[in-house]
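The values are calculated or read from the model by the stated rules, or taken from the named source; none is laboratory data. Remember, it's a predicted structure, so these values are computed and weren't measured experimentally. We place every Cβ from the backbone using ideal geometry, glycine too, and count neighbours over all the protein chains shown. Each accessible area value is taken on the protein alone, full model and side chains, heavy atoms only, with ligands, DNA and RNA left out. Shrake-Rupley method; radii C 1.70, N 1.55, O 1.52, S 1.80 Å.
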Amino acid sequence: MSANANAVTRQRVDGATIVCLQGEVDLSWSQQVRRAVLDAFADGVPVGVDLAGVGYIDSSGIAALVEGLQLGRARGQRFALVAPSDAVRAVLELARLDRVFTIVDSAAAVGAAT
Amino acid sequence: MNSPQPERIATAVVEPRRRDTGALVFLADLSRSLAVSLDLRQTLTQAITRVRDFLEVEGIALFLLDPASQVLECQVSAGPIDVTGMRLAVGQGIVGQALAQDATQIVADAGSDARVWRGSDEASGFVTRSLVCAPLRTAAGPIGVIEIVNRRDGAPFTAADAELLELVAAPAALAINNARMAGELLEQQRLKRELDLARHLQKSLLPRRRRDGFPVLGVNRPAHEMSGDFYDYFELTDGSIGFLIGDISGKGLDAALLMMRAASLLRWIGKERLAPAAWLARANEELCDSAREGRFVCAVVGYCDRAARHVRFASAGFPPVLVHSGGQYRQYLADGPPLGIVREAQFTEHALALDGGTLYAFSDGATDVRGSDGKPIGMAGLLALIQRHAQATPKARLRSLLGELRRLHLVDDTTFLLIEAAQVERPQLLFSDRMPARADAMRGLRTQLRAAFDREALEPRLRDELVLAVDEACTNVIRHGYGPACEGPLEVRATRCAAMLTLEIIDEAPAIDPATFKPGTLGECRCGGLGIALIDRIMDDWHIEPAETGRGNRLVLRKHIEAWASEEAEES
């Protein structure tokens, strides 16, 4: 498991806002993650959450992603998960949410996702 | 078949007299019949008769090389003289030379060629005028020779005849080689089946593990398919327990078979309740009668009471018996020779009080294990290992010992017998920690838990799920148990009992009504509900109860671990 420090960054890639998460998403940090995901919708463009660098996620982190999904639907903005790590995929599968989210391989695909 | 191309090839290799017979059609048909043949010998007999007529020769013979004796033997023949069964050395005659040189031999005029072996003609009265021998080639070298003798039109053989014979030889070689390989494969499979059966039979001789407070425990790890080690224990009518452990010199199937004989012999003598020294002496006489040359048996035999207070034993050439009692380790060296070597050998009995201590007997595989420096760890290395695990229950101790030895390099069969007063099987503590119920303590907890599960060799995916379950349970306490303002302690424990993993999360928060603590539907994805749903999915069962201290809650998560169950089954 990564000992990486938790970090959240935001950037524009091909007309989409990408929130890039690094580290372990648990209760100590999930409120900030939630805020960052919801704030990303302010630009009015598709939103992606890059999870390639996330070594651990618990239900509080998953809940933040679910909120993003719901907000995207309410506002008519696309919302996708980008390249989730194996650890994240395992928890999504366990929560039976792996087919609820749109999952893409790269940030560039978020703006193009249909 | 009537396309012009085959005709062109046939023209190139065949003389005018055979042009019209369609050499390629004949060869294709021959190859096919050889390839699909189920009974190669019969097919070959028919095939060479057809080849003889096709080539318009008087005689034809097919020789195969016996790889072991390096003799060529005629397998099938067709012609005026039956040469089936004729044997030639490699290099003998034209047939032998074709094989030795792996090259086609043409003899235009046999009467004037000194290489021709005349033994056959002299015996039969047949006159060999001209002959061609072509090797049967495979990737691994020639496996035989095909020979044609005397053209029917009386002309000497030419290079074109030789080329045609080579074309016939190719599919014949392929078919014979395939048939041989298929035969070898069948033989290998048969041997493997028999070996599997022998291994199962051998394993079935080992006693089943007793769980009802029995003081004797054994394990055996064969280094190869068959083991030369054995152990056994049995109850006598007076309530005492007989035990034995042994090791056959040498390896392989005959050692394994002797092991079966020695094991049953020692068991039956032991049931007669002879004193340990007499027990060994009797077995020695029997084995001197029957053990094959160079094979012998090292063994320790003895008795103990069910409470393992007293033990008496005798040793025949076996590695030292180790007794750990009152903080001291003592070694008891063998005082008799191995069994099956000298008649009327004498053995000495040791009788001692175990007093809550432990007796270890082990085959030399345990000390011959190679350490990181490549040298055997020896008695000192084994003692250090035993010492390291001395606190564990006997079963867990043997498991850890074997595990450590296996991580080093097992070079020989390894067998342990352990005698110690049985205790009630108590759970093995895998992890225990106490921390403040704060979100920022979770990362450290997860790291430690992963390490604890890794020590138990849990598969990574399962390990991560279990860590998630504990994290979700703790998070629940942090969010809902203590509430946002006040903090309290959190205790996490992981224990193993047989194949059951129990995870406990204990808090000092106000008591929770268990009825309110249930998984939410995943569809609605309430945060707290999702965490409990994950726990529900990961664990076999869980419940919440008031903590034993009377203050707080104890959440108990349980899961049956498949890998541990098969480990247990393997040990029993």
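The table below lists the values:
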{"quantity": "Net lengthening on full extension, B:Arg210/B:Asp254 (0.36 nm per residue, minus Cα-Cα)", "calculated": "12.8 nm"}
{"quantity": "Chain B - convex hull of the alpha-carbon atoms, volume per residue in Å³", "calculated": "275 Å³"}
{"quantity": "Pairwise FRET efficiency - A:Glu67 versus B:Glu487, Cβ, R0 = 25 Å, nearest 0.05", "calculated": "0.40"}
{"quantity": "Additional length obtainable on full extension of the chain from B:Glu459 to B:Ala563, 0.36 nm per residue less Cα span", "calculated": "36.6 nm"}
{"quantity": "Accessible area in square angstrom per residue, the range B:103-235, 1.4 angstrom probe", "calculated": "50 Å²"}
{"quantity": "Inter-probe distance in nm under a simple model that places probes 7 Å from Cα toward Cβ, at B:Leu186 and B:Ser240", "calculated": "5.7 nm"}
{"quantity": "Sequence ranges B:69-81, A:41-53, ranked by mean other-Cβ count within 10 angstrom, highest first", "calculated": "A:41-53, B:69-81"}
{"quantity": "Percent accessible area from carbon and sulfur atoms, the range A:7-112, protein chains only, probe 1.4 Å", "calculated": "46 percent"}
{"quantity": "Degrees between helix B:4-13 axis and first principal axis of chain B (Cα, 0 to 90, nearest 10)", "calculated": "70 degrees"}
{"quantity": "Whole-percent carbon and sulfur share, accessible surface of the range B:76-137, 1.4 Å", "calculated": "52 percent"}
{"quantity": "Distance from the range B:30-70 to the range B:81-133 (C-alpha centre basis), Å", "calculated": "18 Å"}
{"quantity": "Whether the range B:4-183 is rounded, prolate or oblate, judged on the alpha carbon gyration tensor where a/c under 1.5 counts as rounded", "calculated": "oblate"}
{"quantity": "Global form of the range A:7-112, assessed from the alpha-carbon gyration tensor, a/c cut-off 1.5", "calculated": "rounded"}
{"quantity": "Shielding of B:460-473 by partner chains, average beta-carbon count, 10 Å", "calculated": "3"}
{"quantity": "Full-stretch length increase - B:Arg87, B:Ala103 - with 0.36 nm per residue and alpha-carbon distance subtracted", "calculated": "3.8 nm"}
{"quantity": "Angle between chain B longest axis and helix B:562-571 axis [Cα atoms, degrees, rounded to 10]", "calculated": "80 degrees"}
{"quantity": "Averaged over A:52-62, number of beta-carbon atoms from partner chains that fall within 10 Å", "calculated": "5"}
{"quantity": "Stokes-Einstein D (µm²/s) once Rh is taken as the Kirkwood radius of the range B:206-420 over alpha-carbon pairs, at 4 °C in 1.567 mPa s", "calculated": "75 µm²/s"}
{"quantity": "In degrees, nearest ten, helix A:30-39 long axis to first principal axis of chain A (Cα)", "calculated": "10 degrees"}
{"quantity": "Accessible area (Å², 1.4 Å probe, nearest 10) - B:Glu508", "calculated": "60 Å²"}
{"quantity": "Radius, Kirkwood style, for the protein assembly as shown when every pair of distinct Cα atoms is counted (Å)", "calculated": "33.2 Å"}
